[in-house]
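A.B. asks: Got a structure for you, questions after.
The values are calculated or read from the model by the stated rules, or taken from the named source; none is laboratory data. Bear in mind the structure is a predicted one, so any value in this text is a computation, not a measurement. As a convention, Cβ positions derive from the backbone with ideal geometry for all residues, glycine included, and neighbour counts pool all protein chains shown. Quick note on the areas: whole protein, heavy atoms, side chains included, nothing else; ligands and nucleic acids left out. Shrake-Rupley method; radii C 1.70, N 1.55, O 1.52, S 1.80 Å.
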Amino acid sequence: MLDDMIDYVANIRTRPVWRPIPDEVRARFRAELPRKPSDLGDVYQEFVDFIAPYATGNVHPGFMGWVHGGGTAVGMLAEMLAAGLNANLGGRDHIPIEVERQITEWTRDIFGFPREASGIFVTGTSMANLMAVLVARTAALGQTVRAQGVGREGALLTAYTSTAAHGCVKKAMDLAGLGSDALRSMPVDSSHRVDVAAMRAQIERDREIGLKPFLIVGSAGTVDIGAIDDLEALSRLCREEKIWFHVDGAYGALGIVSPALAPRLKGIENADSVALDFHKWGQVPYDAGFLIVRDGERHRAAFAAPAAYLRREVRGLAAGSPWPCDLGPDLSRGFKALKTWFTLKTFGTEKLGAMIERTCALARYLEARVLQEPQLELLAPAQLNIVCFRYRAADADRINGEIVIDIQESGSSAPSTTTLDGRLAIRAAIVNHRTDCSDIDSLVKAVLEFGAQRSRGEGGLSPALAS
């Protein structure tokens, strides 16, 4: 198994990026519950034949559809080691928790946070954003909110972000019991950065009618085009208005380890909390989301829940308080920190920063290729590592949607779509450290070829691409 997976990663270019799942393969996973044992070799052969060939494809350098990291063999091996240890990182006194605390210290250093800052691994930034809303809610209403609910005062809380923010921010307001209507989605400028002046004016209007602004969520790498809000201006606004400042930095926040990109994140060091995913630009295998909170006491106040079965001691296995379960909703937690620790120790932040810069350089290369092709149209400037463009056609939205599916089914590349200013765009997010110029050229070639076919009313795969 280990040899095969090393070979799988090493020879990834020989495989299609993605394959449609045949009906007969999908049907295999509707089988009845196994009641008798099976030979491990037979079970593994099913994996080889029917699971590995039909994965998402984000390990492949041609995968550019969504912001998925490519992972590394180092992280894969670390995941195996973590599974062998089978440690529960909810609490107690054992070294795996010290490894997670080490990552918290390193994350403090990365973002310039104080020593009292706390951090915790979660599944991803969707969960980290929800937890940040809960911490901000508790800071605004006091710990009684945990026992009594948001009540009348909670109904007055309002939060602010941009129209370009990830949808999980609105969902977080919903799940926190505050309601998605309490989130004000503010307009963005031509670069898709939030209009800070408009936000300031909205806060003033809300205060005048008796509402209670409590949270601003800035974006460090928006989902559509990778825009970074003016985090410094947002941090000033939050200080002036005494509002919690949270940064959704799902992938863009790690740009801070790049000397070229770090200045664009100025102001993130003033955030009250930052959510990020090591499994995106950090190339750690899924999943490895993280939340860091400036004030560790406020973080604990939102989640700590004493219980007799979680009794803490000053020595023995029940020592080591506070525990990670005091910083989030989970008591059963895997050892996500180990693969992140291996990645940071093996490659170092300088090499990771150089890799991040390279993905942005490849985005600029794709942008230049698009501008060189008369049949292609750039829909937004490349700000980080995401390029949005499309094929020029009479029925452009329909044609470009079909182009993307054609390319995915060909196995040559895997872009995705989004909508910018009411126009459907082909979206290429370059996150994988394996991607190079040849993969960009392949994508452009595929768009032009399938675009020409679709414009002529032809369908089906190009024989050259399908092979």
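A.B. asks: Give Val188, Val122 a once-over and let me know the one that is aliphatic (A, V, I, L, M) and farther than 30 Å from Lys336 by Cβ.
C.D. replies: Val188
A.B. asks: The conditions are (1) open to solvent by 30 Å² or more (accessible area, probe 1.4 Å); (2) more than 25 Å from the chain's Cα centre (by Cα), and Asp195 fails exactly one of them. Which is it?
C.D. replies: So Asp195 meets the others, but not (2).
A.B. asks: If you take just the helices (runs of 4 or more DSSP H) that sit entirely in region 114-182, which of them hold at least 2 residues that are in contact with a helix residue (DSSP H, G or I) (Cβ under 8 Å, 6 or more places away or on another chain) and among the β-branched types (Val, Ile, Thr)?
C.D. replies: It comes to 125-141.
A.B. asks: Farther than 27 Å from Lys339 by Cβ and open to solvent by 10 Å² or more (accessible area, probe 1.4 Å) - does that describe any residue in region 125-137?
C.D. replies: The answer is yes; a qualifying residue exists.
A.B. asks: Look at Met5 and say whether it is in contact (Cβ under 8 Å) with a residue 12 or more places away in the chain and farther than 30 Å from Cys437 by Cβ.
C.D. replies: Working: in contact (Cβ under 8 Å) with a residue 12 or more places away in the chain: yes; farther than 30 Å from Cys437 by Cβ: no.
Considered against the rule, which asks whether it is in contact (Cβ under 8 Å) with a residue 12 or more places away in the chain and farther than 30 Å from Cys437 by Cβ, Met5 comes out as no.
A.B. asks: Another question, if that's okay. Kindly indicate which of Glu297, Glu269, Glu240, Glu313 is modelled with pLDDT under 95, open to solvent by 40 Å² or more (accessible area, probe 1.4 Å) and more than 17 Å from the chain's Cα centre (by Cα). Steps first, answer last, please.
C.D. replies: Details: Glu297 fails: modelled with pLDDT under 95; Glu269 fails: modelled with pLDDT under 95; Glu240 fails: modelled with pLDDT under 95.
Of the residues listed, the single one that is modelled with pLDDT under 95, open to solvent by 40 Å² or more (accessible area, probe 1.4 Å) and more than 17 Å from the chain's Cα centre (by Cα) is Glu313.
A.B. asks: Further question on the same structure: Can you pull out the residues in region 151-176 that are open to solvent by less than 50 Å² (accessible area, probe 1.4 Å), over 16 Å from Ala275 (Cβ atoms) and modelled with pLDDT of 95 or more?
C.D. replies: Result: Leu157, Thr158, Tyr160.
A.B. asks: Would you point out the residue of region 243-254, among those that are touching a residue at least 40 places away in the same chain (Cβ under 8 Å) and either more than 18 Å from Trp66 (Cβ to Cβ) or of a type in the set (A, V, I, L, M) (or both), that is surrounded by the most Cβ atoms within 10 Å (Cβ to Cβ)?
C.D. replies: Taking region 243-254 and keeping what is touching a residue at least 40 places away in the same chain (Cβ under 8 Å), we get 243-244, 246, 248-254.
Next, only the ones that are either more than 18 Å from Trp66 (Cβ to Cβ) or of a type in the set (A, V, I, L, M) (or both) stay: 243-244, 246, 250, 253-254.
Working: Ile243: 22, Trp244: 23, His246: 29, Ala250: 27, Ala253: 31, Leu254: 28.
Ranking the qualifying residues of region 243-254, first place goes to Ala253.
A.B. asks: How many residues are in a helix (DSSP H, G or I) and either without any contact (Cβ under 8 Å) to a residue 24 or more places away in the chain or aromatic (Phe, Trp, Tyr) (or both) if we restrict to region 417-443? Spell out how you get there, then give the answer.
C.D. replies: Initial filter on region 417-443 (in a helix (DSSP H, G or I)): 437-443.
Adding the requirement that they be either without any contact (Cβ under 8 Å) to a residue 24 or more places away in the chain or aromatic (Phe, Trp, Tyr) (or both) leaves 438.
Here the count works out to 1.
A.B. asks: If you take the residues of region 384-404 that are open to solvent by 30 Å² or more (accessible area, probe 1.4 Å) and touching a strand residue (DSSP E or B) at 6+ places or on another chain (Cβ under 9 Å), which of them is farthest from Trp66 (Cα to Cα)?
C.D. replies: The extreme case among them is Arg392.
A.B. asks: For the structure I just gave you, tell me whether Thr340 is closer than 28 Å to Val74 by Cβ, modelled with pLDDT of 95 or more, assigned to a helix (DSSP H, G or I) and open to solvent by less than 70 Å² (accessible area, probe 1.4 Å).
C.D. replies: So Thr340 fits the description; yes.
A.B. asks: Something else now. Determine which member of the set Arg152, Arg137 is closer than 16 Å to Ala271 by Cα and of a type in the set (Lys, Arg).
C.D. replies: Arg137
A.B. asks: Tell me yes or no: at least one residue of region 70-78 is in a helix (DSSP H, G or I) and touching a Ser or Thr at 6+ places or on another chain (Cβ under 7 Å).
C.D. replies: yes
A.B. asks: Can you find, within region 15-42, the residue that is farthest from Ser412 (Cα to Cα) among those that are open to solvent by less than 70 Å² (accessible area, probe 1.4 Å) and of a type in the set (A, V, I, L, M)?
C.D. replies: Result: Ala27.
A.B. asks: Out of Ala394, Ala429, report the one residue that is among the aliphatic types (A, V, I, L, M) and closer than 17 Å to Val59 by Cβ. Walk me through it before giving the result.
C.D. replies: On the way: Ala394 fails: closer than 17 Å to Val59 by Cβ.
Criteria check complete, one pass: Ala429.
A.B. asks: Check Leu291 against each of (1) modelled with pLDDT of 95 or more; (2) open to solvent by 10 Å² or more (accessible area, probe 1.4 Å); (3) closer than 30 Å to Thr419 by Cα and name the one condition it does not meet.
C.D. replies: Going through (1) modelled with pLDDT of 95 or more; (2) open to solvent by 10 Å² or more (accessible area, probe 1.4 Å); (3) closer than 30 Å to Thr419 by Cα one by one, Leu291 breaks only (2).
A.B. asks: What are the pairs, 6+ residues apart or on separate chains, where a residue within region 155-179 that is closer than 17 Å to Thr418 by Cβ and touching a residue at least 40 places away in the same chain (Cβ under 8 Å) has its Cβ under 6 Å from a residue that is in a helix (DSSP H, G or I) and hydroxyl-bearing (Ser, Thr, Tyr)?
C.D. replies: Within 6 Å, the pairs are Cys168/Ser126.
A.B. asks: While we're looking at this one, here's another question. Out of Ala305, Ala318, Ala250, I need the residue that is assigned to a loop (DSSP other than H, G, I, E, B) and closer than 21 Å to Arg146 by Cα. Which one?
C.D. replies: Ala305
A.B. asks: Under 8 Å between Cβ atoms, which residue pairs at least 6 apart in sequence (or on different chains) link something in region 57-75 that is under 14 Å from Ser416 (Cβ atoms) with a partner that is outside any loop (DSSP other than H, G, I, E, B) and among the β-branched types (Val, Ile, Thr)?
C.D. replies: Short answer, once both residue conditions are applied: Val67/Ile386.
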